[in-house]
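What follows is calculated from the coordinates using simple rules that are stated; it is not laboratory data. Please read all numbers here as calculations on a predicted model, not as lab measurements. Note that each Cβ is placed from the backbone with ideal geometry, even for glycine, and that neighbours are counted across all protein chains shown.
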Amino acid sequence: MTDAPVFKVEHVAFGYNNRLVLKDISCDIERGEFVGIIGPNGSGKSTLVKLLVGILRPKSGSIQVFGEPLETFKEWPRIGYVSQRATHFDVGFPATVREVVSLGRVSRVGLFRRRQKADEEAIDRALEDVGMVDMQARLIGNLSGGQQQRVFIARALTQQPEVLALDEPTIGVDPEAHLKFFELMRHLHDHENLTIVLVSHEVDVVMTEVTKLLCVNQELLFHGTPQQCLTDNCLVQLYGEGYHVVSHSHPWTHK
Ligand SMILES: Nc1ncnc2c1ncn2[C@@H]1O[C@H](COP(=O)(O)OP(=O)(O)OP(=O)(O)O)[C@@H](O)[C@H]1O
Ligand SMILES: [Mg+2]
């Protein structure tokens, strides 16, 4: 079972209130892949990620997670998830950055166990990874949207997940934080063997970073390498004739 894909998606359909938003989605996400999910607004990207991380259940078709059916899979701490609207998350009390980040440990070790050295170390490391060490005592509610986004990424990292699923994590972050975010993703992918699933509208940036691209518009129009995607002209299918990839360089080298 150790070689089973992280996610095996077969003929999945999903709808809200009987209105189908995803149909016949089939793809595998293997360990160690860096997967970008792109598609227009409302095309079902967030829905697909929510299916992968077990928040939603397919209407038909099946998903296996680490070789096990979604319905019986229990080891969810192996999968870190940062939702598209993570910054709307309300902890219900005036929590500090460090407290919010430490919540990521709860899923791993349970609510009532006292935090131990390993927990504190994981929290320190995650804060450092996202560049929020200096702000750890600040109240989360007083941070900017981009800063909050980084806190939620840190919270997911403290779980020490094998997979990180991020839904538009760079919305509202400034160019420097943006650059650091992709550096962090590359580090986690290249050196810590994380499997990364990233939803983004920054098509040209994503194309340079990922090993696999899923182009979604209700159906999975394309999945393969970014190069194959360009050759097959799938971006035009996805976004229409007027679409051109601006650049294949990194975000900090082009306007
Ligand atoms: N909770 C919900 N109840 C009903 N319809 C929903 C719900 N969430 C999403 N939808 C609808 O499902 C479709 C897909 O939504 P989804 O959020 O997956 O799109 P998306 O590709 O992530 O879009 P965006 O790029 O704007 O984030 C849209 O038409 C949306 O209006
Ligand atoms: Mg979305």
message = Please state the shape class of the stretch 2-74: rounded when a/c is under 1.5, otherwise prolate if a/b exceeds b/c and oblate if not, all from the C-alpha gyration tensor.
response = oblate
query = What residues qualify as long-range amide H neighbours of Phe222, i.e. H under 5 Å apart, gap of 5 or more or another chain, H built at 1.01 Å from N?
reply = Cys215
query = Using 1/(1 + (r/R0)^6) with R0 = 25 angstrom and r between the beta carbons of Asp28 and Glu128, what's the FRET efficiency to the nearest 0.05?
reply = 0.15
Net lengthening on full extension, Asn193/Glu10 (0.36 nm per residue, minus Cα-Cα) = 63.4 nm
request  = Rank His223, Ala154, Phe73 by how far each Cα sits towards the positive end of the charge dipole of the chain (+1 on Lys, Arg Cβ; -1 on Asp, Glu Cβ) and give me just the farthest.
outcome  = Phe73
ask   = Once both labels are modelled 7 Å past Cα along the beta-carbon direction, what's the Gln227-His201 spacing in nm?
value = 3.0 nm
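Charges at C-beta only: +1 for Lys and Arg, -1 for Asp and Glu. How large is the resulting dipole of the chain about its Cα centre, in Debye rounded to 20?
880 debye
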request  = Using R₀ = 30 Å, calculate the FRET efficiency as 1/(1 + (r/R₀)^6) where r is the Cβ-Cβ separation of Asp3 and Gln237; round to 0.05.
outcome  = 0.35
request  = Report the paramagnetic label zone for Thr211: residues of the stretch 129-168 whose backbone N is under 19 Å from a point 7 Å from Cα along the Cα-to-Cβ axis.
outcome  = 161-166
task = Calculate the spin-label point distance for Asn17 paired with Phe73, positioning each point 7 Å from the Cα along the beta-carbon direction, and give it in nanometres.
result = 2.9 nm
ask   = Classify the stretch 94-185: rounded, prolate or oblate, from the alpha-carbon gyration tensor (a ≥ b ≥ c, eigenvalue square roots; a/c under 1.5 rounded; otherwise prolate if a/b is larger than b/c)?
value = prolate
remark   = In the chain, lysine pairs 8 or more places apart or on different chains with C-alpha atoms under 28 Å apart total 28
query = Counting Lys and Arg as +1 and Asp and Glu as -1, what is the net charge of the other residues whose Cβ lies under 14 Å from the Cβ of Gly61?
reply = -1
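Can you tell me the relative contact order of the stretch 147-210? Whole percent, Cα pairs under 8 Å, sequence separation 6 or more.
Details: 42 pairs, mean separation 26.1, N = 64.
Reported as a whole number, the value is 41 percent.
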